[in-house]
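Some notes on the structure that comes next.
Every number in this text was worked out from the coordinates using simple rules, so none of it is lab data. As the structure is a prediction and not an experimental result, all values here were calculated from the model. Note that we place each Cβ from the backbone using ideal geometry, even for glycine, and neighbour counts take in every protein chain shown.
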Amino acid sequence: MTGKSLLSLGALALATAGLAAAKSYSIDLPAIAKAGAVELKPGDYKLKVEGSQAILTDQNGKSFNVPVKVENSGQKFTDTRIESVTQNGMDTIQSIDLGGSDTRLSLK
């Protein structure tokens, strides 16, 4: 192999790894919930993390960006779970544990 073909192969491998890292997670909100400054309706959402943003997409394809702090919990989560508290009669999401990983998203 020439140097150019090795470089091309390496670039392709890095691009493929980046795509694989962009995993999405499913979450279900049984009631209206607040995520950061965003109010989310009940329903199913796909969650994707890009840097310090969680992107939540509803069943109609509408996306909501929420700033998050990405943390390593030190333990692998079996399921994607939402931790919330009730404030002023509404659930407010505090954090989201991403199933199959050791990543916790703390909402800002």
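So, in the range 52-87, exactly how many residues are touching a Phe, Trp or Tyr at 6+ places or on another chain (Cβ under 9 Å) and either exposed (fewer than 14 other Cβ atoms within 10 Å of the Cβ) or within 12 Å of A35 (Cα to Cα) (or both)? So that I can check it myself, show each step before the final result.
We begin by selecting, within the range 52-87, every residue touching a Phe, Trp or Tyr at 6+ places or on another chain (Cβ under 9 Å); these are 54-59, 64, 80.
Next, only the ones that are either exposed (fewer than 14 other Cβ atoms within 10 Å of the Cβ) or within 12 Å of A35 (Cα to Cα) (or both) stay: 54-56, 59, 64.
Within the range 52-87, residues that are touching a Phe, Trp or Tyr at 6+ places or on another chain (Cβ under 9 Å) and either exposed (fewer than 14 other Cβ atoms within 10 Å of the Cβ) or within 12 Å of A35 (Cα to Cα) (or both) number 5.
Sort out which residues of the range 93-108 are exposed (fewer than 15 other Cβ atoms within 10 Å of the Cβ), more than 11 Å from the chain's Cα centre (by Cα) and part of a strand (DSSP E or B), and write them in order of number.
Result: Q94, single match.
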